[in-house]
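Structure first, commentary second.
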Amino acid sequence: MKIEPKRCSGGNKLKVLFAVHYSAEYHEYIDISIVSALLKANGYKVKAVQATYAALKAELAEPSIVICSVWSSAAIDYYAALLRGLKKDYLFFSALCGSYPTMAPELIENEGIDGVCIGEPVFALVELIEKLSLNGSITGVLNWWVKSDGNIYKNPQRELIEDLDILPFADIGLLKDTPLFNPMIKHIIASRGCPFGCSYCRNSSYKYSDHARILRNRSVENVIEEILRAKKDHSLKFIVFNDAIFGLNIEWLRGFSESYGKNVHLPFYCNVRADLITEKSVSYLSHAGCRSVSVGIETSDELSRNKVLGKNISNAQIEKALIVLKRAGIRIRATNIVGISCAPITADIETVRFNRRCGVDFAEAFPLAYLPNTGLSKKTPAIVKKYPEELMNLKYLFGVAVEFPFLISVMQFLIRLPLRRVYWWIGMFWREYCYSMRIYHLGIGYFFQRIRNCRKHIKIYSTM
């Protein structure tokens, strides 16, 4: 028998539950933290709940909406099964948001899913929740694919938010009681959108109107104010900027460098693109206090990088950019893609050598994902559900081999061994060590905290 909460009447507000998985990364929940701030300002009860049946069922005795922010195919399978199981026993509205539902709005057809948000979710989520609270029609809410009266209604995306300063600061309190929260680190975005069209990237699946200004920056003053407020309330030691590419606007970066260096005095990490790195941009980053950056190498094979992945960056540009960054004392996390269909496994091992030659501080590899509705998946529509054992072993050993190059010569032998679980543990420990001691440089205590979280929530963490 289903447990049915009392139905909302006009003026009664839904309880908003954000189902979060503790193995996720904090940046995956920045948007819902902004939504939480908007909702709380308008009198809604908002809570982040661990994404398990037991934790959610304890919250579903009153009218509720359960929202899951999803970034990966591994996570979507978990969330879909969770919502389907809860729907057997409870009545509530279930919604998906995040980059993966944007790429695959057809998820609305799954049992247990009532709504899928596409595109940037902030105002779209607030509007849907308000209409549900008033028992209004939700069939025409922009950015939403929804089920209603046995039908599926598919609405286009709304215009992008041009002035990002009108958004409230992210609600730090939303995740404060979860293992995702760490008072030493502040995750923040200073801009939205990416003007590049890399074929494999989730950004290429976003559909904007022809006149849309894709890249939008918050004002420097707005960004600094959010950080200073968080610094006042918490023992901040490090800032993580989660922009797709940080400081694309060089004039914005100049102003940021001056203000951040003068007022914040905290090291930070950000994402950069190799062909945009110049002596000037790096001087601005260094002056502000940038400790580390993430750079996409992807592969040492230029044909694969440029023709298949659509990056249009040469090896020479990457090597030059990394030299400039290292000269400024900025540490480098390099992201790589293995398993590109047109290249043999030996090409992936050559990419290990290229990372070593570039002198990166932490190399991380991911199997090529054919994300739905990206340029890559439209060329090659098959979506890989399970990667070959050799490829996964290479993923886990990739960064370790860059650090200890004697492993490279025996890599083809090692990846054939049936030791995937062992390699997973080796790769996980190395990843957490590098983030803790090199990229964020927060010390051994932070390292052990990350390890504890990994062990506690190992079921999904090892698949993402």
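The values are calculated or read from the model by the stated rules, or taken from the named source; none is laboratory data. Predicted model only: the values in this text are computed from it and were never measured. Because the Cβ atoms are built from the backbone with ideal geometry, glycine has one as well, and the counts that use them run over all protein chains shown. Note: areas computed on protein heavy atoms with side chains; ligands, DNA, RNA excluded. Shrake-Rupley method; radii C 1.70, N 1.55, O 1.52, S 1.80 Å.
Could you give me the residue pairs with C-beta distances under 7 Å whose first residue belongs to the range 176-200 and is within 17 Å of Lys237 (Cβ to Cβ), whose second residue is in a loop (DSSP other than H, G, I, E, B) and among the charged types (D, E, K, R) wherever it lies, and which are 6+ apart or on separate chains? As it stands, the answer is Met184/Lys237, since those pairs meet every condition given.
In the range 276-310, of all residues being charged (D, E, K, R) and open to solvent by 50 Å² or more (accessible area, probe 1.4 Å), the one that is farthest from Ile185 (Cα to Cα) corresponds to Lys307.
On inspection, Leu215 qualifies as more than 28 Å from Arg450 (Cα to Cα) and modelled with pLDDT of 85 or more.
For the range 318-350, taking the residues that are hydroxyl-bearing (Ser, Thr, Tyr) and outside any helix (DSSP H, G or I), the one that is modelled with the lowest pLDDT is identified as Ser341. Within the set Pro195, Pro183, the sole residue that is over 30 Å from Phe93 (Cα atoms) and either touching a His at 6+ places or on another chain (Cβ under 8 Å) or of a type in the set (A, V, I, L, M, F, W, C) (or both) turns out to be Pro183. Here is a list of conditions, (1) touching a Leu at 6+ places or on another chain (Cβ under 8 Å); (2) at pLDDT 90 or above, and Ile76 meets all of them except one; can you say which number that is? Here Ile76 clears every test but (2). Tally the residues that are modelled with pLDDT of 90 or more and either farther than 19 Å from Val122 by Cβ or over 21 Å from the mean Cα position of the chain (by Cα) (or both), restricting the search to the range 51-71. Qualifying residue count, the range 51-71: 12. Taking into account only those residues within the range 147-170 that are modelled with pLDDT of 95 or more and acidic (Asp, Glu), which is most open to solvent (accessible area, probe 1.4 Å)? Ranking the candidates gives Asp163 first.
If only residues of the range 105-120 that are aliphatic (A, V, I, L, M) and open to solvent by 10 Å² or more (accessible area, probe 1.4 Å) are counted, the one that is nearest to Lys13 (Cα to Cα) is Ile118.
For the range 229-251, give me each residue that is in a helix (DSSP H, G or I), open to solvent by 30 Å² or more (accessible area, probe 1.4 Å) and in contact with a helix residue (DSSP H, G or I) (Cβ under 8 Å, 6 or more places away or on another chain). Of everything in the range 229-251, those that are in a helix (DSSP H, G or I), open to solvent by 30 Å² or more (accessible area, probe 1.4 Å) and in contact with a helix residue (DSSP H, G or I) (Cβ under 8 Å, 6 or more places away or on another chain) turn out to be Asp233, Ile250.
So which residues in the range 311-329 are more than 22 Å from Asp301 (Cβ to Cβ) and open to solvent by less than 10 Å² (accessible area, probe 1.4 Å)?
Answer for the range 311-329, where residues must be more than 22 Å from Asp301 (Cβ to Cβ) and open to solvent by less than 10 Å² (accessible area, probe 1.4 Å): just Leu325.
Test of understanding: among Ser314, Ser300, Ser294, which residue is within 20 Å of the chain's Cα centre (by Cα), polar (S, T, N, Q) and at pLDDT 95 or above?
The match here is Ser294.
Within the bounds of the range 102-110, is there any residue that is out of contact with any Pro (no Cβ under 8 Å at 6 or more places or on another chain), touching a residue at least 12 places away in the same chain (Cβ under 8 Å) and farther than 30 Å from Tyr387 by Cα? Checking the range 102-110: not a single residue is out of contact with any Pro (no Cβ under 8 Å at 6 or more places or on another chain), touching a residue at least 12 places away in the same chain (Cβ under 8 Å) and farther than 30 Å from Tyr387 by Cα. Taken over the range 112-169, the criterion of being touching a Gly at 6+ places or on another chain (Cβ under 6 Å) and not aliphatic (A, V, I, L, M) is satisfied by Asn143, Trp144, Gln157.
Evaluated against (1) within 21 Å of Arg438 (Cα to Cα); (2) not in a strand (DSSP E or B), Val293 falls short on exactly one condition, (2). Among residues belonging to the range 121-146 that are without any contact (Cβ under 8 Å) to a residue 12 or more places away in the chain and farther than 21 Å from Ile161 by Cβ, point out the one that is most open to solvent (accessible area, probe 1.4 Å). Once the filter is applied, the top-ranked residue is Ser137.
What number of residues within the range 397-407 satisfy the criterion of being assigned to a helix (DSSP H, G or I), hydrophobic (A, V, I, L, M, F, W, C) and surrounded by fewer than 17 Cβ atoms within 10 Å (Cβ to Cβ)?
Qualifying residue count for the region: 2.
Filtering the range 412-439 to residues that are open to solvent by less than 20 Å² (accessible area, probe 1.4 Å), among the aromatic types (Phe, Trp, Tyr) and within 23 Å of Arg291 (Cβ to Cβ) leaves only Tyr435. Close Cβ contacts (under 6 Å, 6 or more residues apart or on different chains) running from residues in the range 395-406 that are free of Cβ contacts under 8 Å to residues at least 40 places away in the same chain to residues that are part of a helix (DSSP H, G or I) and open to solvent by 20 Å² or more (accessible area, probe 1.4 Å) comprise Gly399/Trp430; Val400/Trp430.
Among the residues making up the range 53-101, a single one is β-branched (Val, Ile, Thr) and touching a residue at least 60 places away in the same chain (Cβ under 8 Å): Ile65.
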